[in-house]
1. Does Arg142 qualify as being basic (Lys, Arg) and either within 19 Å of the chain's Cα centre (by Cα) or in the same structural domain as Cys256 (by TED's automatic domain parsing) (or both)?
2. Does Asn316 count as part of a loop (DSSP other than H, G, I, E, B), out of contact with any Cys (no Cβ under 9 Å at 6 or more places or on another chain), of a type in the set (S, T, N, Q) and closer than 30 Å to Arg2 by Cβ?
3. Exactly one of these conditions fails for Ala287: (1) open to solvent by less than 10 Å² (accessible area, probe 1.4 Å); (2) farther than 27 Å from Arg122 by Cβ; (3) aliphatic (A, V, I, L, M). Give me its number.
4. Would you check which residues across the stretch 261-279 are within 10 Å of the ligand (Cβ to nearest atom) and open to solvent by 20 Å² or more (accessible area, probe 1.4 Å) and list them?
5. Would you confirm, using the coordinates I've provided, whether Val269 is touching a residue at least 12 places away in the same chain (Cβ under 8 Å) and more than 22 Å from Met232 (Cβ to Cβ)?
6. Of all residues in the stretch 290-301, which are open to solvent by 10 Å² or more (accessible area, probe 1.4 Å) and in a loop (DSSP other than H, G, I, E, B)?
7. When the residues of the stretch 251-260 are narrowed to those that are assigned to a loop (DSSP other than H, G, I, E, B) and more than 11 Å from the ligand (Cβ to nearest atom), which ends up farthest from Val309 (Cα to Cα)?
8. Cβ-Cβ below 9 Å, separation at least six or inter-chain, first residue in the stretch 88-107 and in contact (Cβ under 8 Å) with a residue 24 or more places away in the chain, second of a type in the set (S, T, N, Q) and open to solvent by 10 Å² or more (accessible area, probe 1.4 Å): which pairs?
Amino acid sequence: MRLAVLKERRAGEARVAATPDTVKKLLALGVTVAVEAGAGIGAAISDEEFAAAGAEIVADAAAALAGAGIVFAVNAPDEAVRALIAPGTLLVATLGAASDPALAPALAAAKIDAVGLELLPRITRAQSMDVLSSQANLAGYRAVIEAADAFPRGFPLMMTAAGTVPPARVFVIGAGVAGLQAIATARRLGGIVSGTDVRPAAKEEIKSLGAAYIGVDDEESAKQTGPYAGQMSDEFRKKQAELMAATVAKNDIVICTALVQGRKAPVIVTSEMVAGMKPGSIIVDLAAEAGGNCAETVPGEVITTANGVTILGHRNWPSRIGVAASALYARNLLTFLTTFWDKDAKAPNLKPEDDIIKGALLTKGGEIVHPNFKPAA
Ligand code: NAD
């Protein structure tokens, strides 16, 4: 069976869905791998390195997809690429179907069997193929590195003969995978770090990294016991806003990572809070792709407000650390395929009763099979 690895079409996308390391392991499963020329350049992988690992380098998407039974990609293929994918092909990618209502029907119409890895259940068995976690972890690190670069002072306390430079105060909003990595990174750089989340479980996690916990402890947050936060009530949001206003004003750097699955990101840092920050302060909005946690964020742009606050609103944070992000992403995809690989048939076997497949399979045999995306009866 032939597996195609495509060059990503999304503007500014540096990542690629395979590496020479995963190509070797894919070949060991008994597939042949076709890589579109230049697919790895953004991730610092040359065509020669892919070829040395045993991949066939082909000129374009059409050549990669000709005869392919499996396609690995980072983002959902666009219409032009979809038209080149044969019916019955397995596509494994981060599809983003929740934010693109036309995608699931289009994949079903093209009879592509599509797995959206962003839909994987957050269960222990799925952890090694969990692209949301692997990419969020790197994004959290990158957010702090870019904040440090943009911040005109420095992170650690510096006591010199010429005087003392105070440490940066860093506040991390949302302590999931990205937020906890941001806290750890900011601590390593020497900042004074605090964090907040609505899930009570996050409180101990924030503290265990040596950061101060700041949060509204009430009945409503006590109910946020699942892996994801729910949408909070207006009353909770009012209490949270008062606490945030006081906290944001005291900090030099605010890293926003709060997301609510399948919804627009909650706006937590208001325009008034931004106006209350000191000149030279930095806001990094990792939620920019989902609308942003800061009211002043312009998704896709870096802006400086009238009072001198710089807001980094890049949309695709994992791509900004593309070499590491590709390495982990490619391993996630390899693990997915290996888990559902029929060694005798040398073909994938997506067992419909498996919780991972139930969670991540979007379309199959020309139908939308995922319950969340089925058209209303
Ligand atoms: P996420 O990206 O959906 O959200 C990021 C964080 O923002 C979450 O911690 C969420 O609680 C928080 N948040 C949402 N609304 C907020 C608000 N109004 N104010 C403050 N914070 C808010 O989450 P994630 O990083 O993907 O992971 C969430 C949880 O799932 C974590 O506890 C993580 O450890 C867990 N997880 C488990 C597994 C597994 O068991 N396989 C895998 C991955 C993640």
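1. Working: basic (Lys, Arg): yes; either within 19 Å of the chain's Cα centre (by Cα) or in the same structural domain as Cys256 (by TED's automatic domain parsing) (or both): yes.
The answer is yes for Arg142.
2. Details: part of a loop (DSSP other than H, G, I, E, B): yes; out of contact with any Cys (no Cβ under 9 Å at 6 or more places or on another chain): yes; of a type in the set (S, T, N, Q): yes; closer than 30 Å to Arg2 by Cβ: yes.
Spelling it out, Asn316 is indeed part of a loop (DSSP other than H, G, I, E, B), out of contact with any Cys (no Cβ under 9 Å at 6 or more places or on another chain), of a type in the set (S, T, N, Q) and closer than 30 Å to Arg2 by Cβ.
3. (2)
4. First pass over the stretch 261-279, keeping only residues within 10 Å of the ligand (Cβ to nearest atom): 261-263, 265-268.
Residues satisfying the conditions are Gln261, Gly262, Arg263, Pro266, Val267.
5. On the way: touching a residue at least 12 places away in the same chain (Cβ under 8 Å): yes; more than 22 Å from Met232 (Cβ to Cβ): no.
Judged against the criteria, Val269 is not a match.
6. Going residue by residue through the stretch 290-301, those that are open to solvent by 10 Å² or more (accessible area, probe 1.4 Å) are 290-291, 295-301.
Scanning the stretch 290-301 gives Gly291, Ala295, Glu296, Thr297, Val298, Pro299, Gly300, Glu301.
7. To start, the set of residues in the stretch 251-260 that are assigned to a loop (DSSP other than H, G, I, E, B) comprises 251-252, 257-260.
Among the residues that remain, those that are also more than 11 Å from the ligand (Cβ to nearest atom) are: 251-252.
Details: Asn251: 12, Asp252: 9 Å.
Of everything passing the filter in the stretch 251-260, Asn251 is farthest from Val309 (Cα to Cα).
8. Cβ pairs passing all conditions: Ala93/Asn75; Thr94/Asn75; Thr94/Gln135; Leu95/Asn75; Ala97/Asn372; Ala98/Gln261; Ala98/Asn372.
The values are calculated or read from the model by the stated rules, or taken from the named source; none is laboratory data. Bear in mind that the values here come from a model prediction, so they are computed numbers and not experimental data. Cβ sites come from the backbone with ideal geometry, for glycine too, and all protein chains shown count toward neighbours. Accessible surface areas use protein heavy atoms only, side chains included; no ligands, DNA or RNA. Shrake-Rupley method; radii C 1.70, N 1.55, O 1.52, S 1.80 Å.
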